[in-house]
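Taking it in order: structure first as structure tokens, then the write-up.
The values are calculated or read from the model by the stated rules, or taken from the named source; none is laboratory data. Bear in mind the structure is a predicted one, so any value in this text is a computation, not a measurement. Here the Cβ positions follow ideal geometry from the backbone for every residue, glycine too, while neighbour counts run over all protein chains shown. When the accessible area is computed, the model is the full protein with side chains, heavy atoms only, and any ligands, DNA or RNA have been set aside. Shrake-Rupley method; radii C 1.70, N 1.55, O 1.52, S 1.80 Å.
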Amino acid sequence: MARRKLVVGNWKMNGLRAHLPQIAAIGEEAAAYPSVETGLCVPATLITMANEVKGAAFIGGQDCHAKGNGAHTGCLAADMLKEAGATWVIVGHSERRADQGETDSDVAGKALAAHAQGLKVILCVGESLEIRDSGEALSFVLAQLEASLPEGAASDWLSIAYEPVWCIGTGRIPTMDQIADMHGSIRNALVQRIGDDGNAMRILYGGSVNAANAAEVFAVADVDGGLVGGASLKVESFGPIIAAAAA
Ligand code: 13P
């Protein structure tokens, strides 16, 4: 099944007004590769400003609360992100699972809250190095997926990002065989869970994607694009990754 490649930058806790020219340049690069759907998930403080310069890129948030409003100091509801101009949001990133103690059911709730506001969702899963070394990576990630994927998940609003924790910001990536194994297993699990639409759902790889490895990673079966951290902060490093997805 043909799936449009999706390449998304996760700016994490990086980005001030001074970085808007990079967003504009990335938006121009996105326009040069219309076969690829390109976006940037920026800090919430930048969403409105980023929207003004985004060109052909979409702008997303990096998290939302599962509830619509209330006494949750420091948190953001999905409709707030939407009002600021986000059209996508990441949920369940491993840094939030670790730093904020987010559980699989929290993540499923966040995805549903985002969808209820019309936001598209990138739902992250991935194993630690300890789990990878113990030989349990596949079963761990499939269990995480099963418990984090909300009821009613569908390919027109939700994509999966497989991000092995030991590859995030480390410069390490799995072997292409390991990526193929994981993405193929996630594909099978999606089809089992949601039927044929599981074949249309995009599965991104994330973790130390860069200009040098993107083409090889994106050529792996069932890799439908990437979720890119450090290399997405500058057009010089992100542009070639978008181009690799278009190839
Ligand atoms: P790096 O590309 O910096 O390894 O980060 C990956 C990531 O966590 C994207 O969400």
### Task
With r as the distance between the Cβ atoms of residue 151 and residue 181 and R0 = 35 Å, compute the FRET efficiency 1/(1 + (r/R0)^6) and round to 0.05.
0.80
#### Entry: For the range 123-247: accessible area per residue (Å², 1.4 Å)
38
### Computed [θ] at 222 nm, helices only, for the chain once each DSSP H run of length n ≥ 4 contributes -39500 (n - 2.57)
-11500 deg cm²/dmol
#### Entry: Hz values of 3J(HN,Hα) by residue in the range 188-201 - Karplus curve (6.51, -1.76, 1.60), Gly and Pro given as x
4, 5, 5, 5, 4, 7, 10, x, 4, 4, x, 6, 9, 6
### Query
Ranked from highest to lowest mean number of other Cβ atoms within 10 Å per residue, what is the order of the peptides 194-203, 29-38?
29-38, 194-203
#### Entry: For the range 1-63: accessible area per residue (Å², 1.4 Å)
46
### Summary
Between the alpha carbon centres of the range 137-210 and the range 226-247 the gap in Å comes to 20
### Message
What are the ³J(HN,Hα) couplings of the range 66-72, residue after residue, when phi is run through the Karplus curve with 6.51, -1.76, 1.60 and θ = phi - 60°? Round to Hz, x for glycine and proline.
### Response
6, 8, x, 5, x, 7, 9
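Leaving ligands, DNA and RNA out of it, report the carbon-plus-sulfur percent of the accessible area of the chain at a 1.4 Å probe.
Values: 5550 of 10540 Å².
Carbon and sulfur: 53 percent of the exposed surface of the chain.
With a ≥ b ≥ c the root eigenvalues of the C-alpha gyration tensor of the range 84-169, is it rounded (a/c under 1.5), prolate (a/b larger than b/c) or oblate? It would help to have the intermediate numbers written out before the result.
Details: a/c = 2.17, a/b = 1.77, b/c = 1.23.
Taking the square roots of the gyration eigenvalues as a ≥ b ≥ c, the range 84-169 is prolate.
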## Note on the structure
Karplus-derived 3J(HN,Hα) from phi for the range 117-132 (6.51 cos²θ - 1.76 cosθ + 1.60, θ = phi - 60°), whole Hz, x at Gly and Pro, runs 9, x, 7, 7, 10, 10, 9, 9, 9, x, 9, 6, 5, 4, 5, 4
### Summary
A chain fully extended from residue 216 to residue 172 at 0.36 nm per residue, minus the present Cα-Cα distance, gains in nm 14.4 nm
### Message
For a quick check: with amide H placed at 1.01 Å from N, whose amide H comes under 5 Å from residue 225's, ignoring anything fewer than 5 positions away on the same chain?
### Response
6, 205
### Task
Using only alpha carbon pairs under 8 Å that are at least six residues apart, calculate the relative contact order of the chain and give it in whole percent.
22
### Query
Loop-only check: which trypsin sites (Lys or Arg not before Pro) in the range 1-72 are DSSP coil with at most 13 other Cβ within 10 angstrom?
4
### Task
Would you pull out the residues with amide H under 5 Å of residue 210's amide H, same chain only if 5 or more places away, H placed 1.01 Å from N?
none
### Query
Gain in length, residue 2 to residue 71, computed as 0.36 nm per residue apart minus the alpha-carbon separation, to one decimal in nm?
20.5 nm
